[in-house]
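See structure below.
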Amino acid sequence: MDRFRVLLWVGWGIQSVSPLVPVLAAAVHARSERFQSFPWMRRLTALLIFQLFVNWTMLGMAMNRVRNAWVADLAHVPEVLGALWVLAGLGPKVLPGPVFILAAGTMVASAAWEAAQAGVGSRWSMAETAASLVLFALCLWLLKDLVTKADGRSPWNRPAAWLLGTWALDQGIMLMFYPVQNLFIHQLSRDWVLIPWLVRFIIGLLLNLALARTYLCRKTNSY
């Protein structure tokens, strides 16, 4: 087996495990009363299960050499609006109505424009970038308010801090990766072209491990 196929199978293996990690943490959380629990966690679990289903569907199609870009396109709007729905549930009026409407409108409008221009089955780079920018800004804004609360409680035991920090890092990394991925495709040789994606998948696995911590904050010194 050549280098390309080894990297391809390693990447697929990481991608099959990575989105499963926070879902398993959610299952552990649901079976124990030791961990902090908030209503918005049900929204997060629903979103994670949806993302897992989409990821495994695309992975299965890729392994069978079936075009799968249209799956990502169809899942884009539900996924980003689902993330916004989770953020809106972090607390009463945590996202003011106008902010929520503007964020949702930006995501939907960019996706609609790109669908009309490029069609389903192509890379929606503008829509992905717009959604990442919106989520990145919202996560940083909410995280700042959370960690600067003068209540003497550590952010390390706040479920919302783990969620916001992980999502902010994830969206920030994606914003850096989007502009250069075409450069990787056209400039790197077959032996090396998968390396940037493999690094991204490994970072994604680490971020999913951090996201799992959202469900595993104990009630002692709870937020």
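The values are calculated or read from the model by the stated rules, or taken from the named source; none is laboratory data. The structure displayed is predicted, hence computed values, not measured ones. Quick reminder, even Gly has a Cβ in these numbers, built from the backbone with ideal geometry, and neighbours come from all protein chains shown. In case anyone asks, the SASA skips ligands and DNA or RNA and just uses the protein heavy atoms, side chains included. Shrake-Rupley method; radii C 1.70, N 1.55, O 1.52, S 1.80 Å.
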Note to self: Tell me yes or no: at least one residue of the stretch 85-97 is within 23 Å of Gln181 (Cβ to Cβ) and modelled with pLDDT of 90 or more.
What the structure shows: no
Notebook entry, point to check: Got a number for residues in the stretch 175-217 being of a type in the set (A, V, I, L, M) and crowded, with 19+ Cβ neighbours inside 10 Å?
Noted result: 4
Notebook entry, point to check: Quick one: is Gly60 open to solvent by less than 50 Å² (accessible area, probe 1.4 Å) and within 21 Å of Val120 (Cα to Cα)?
Noted result: yes
Next item on the list: Please list, ordered by first then second residue, the pairs with beta carbon atoms under 6 Å, 6 or more apart or interchain, first in the stretch 171-186 and without any contact (Cβ under 8 Å) to a residue 12 or more places away in the chain, second open to solvent by less than 40 Å² (accessible area, probe 1.4 Å).
Entry: none
Notebook entry, point to check: Hey, does the stretch 158-168 have a residue that's open to solvent by 50 Å² or more (accessible area, probe 1.4 Å), farther than 21 Å from Val71 by Cα and free of Cβ contacts under 8 Å to residues at least 40 places away in the same chain?
Noted result: no
Next item on the list: Working carefully through the options Leu163, Leu206, Leu135, find the one that is closer than 16 Å to Phe38 by Cβ and under 14 Å from the mean Cα position of the chain (by Cα).
Entry: Leu163
Check: Restricting attention to the stretch 155-199, which residues are at pLDDT below 90 and of a type in the set (Asp, Glu)?
Finding: Asp191
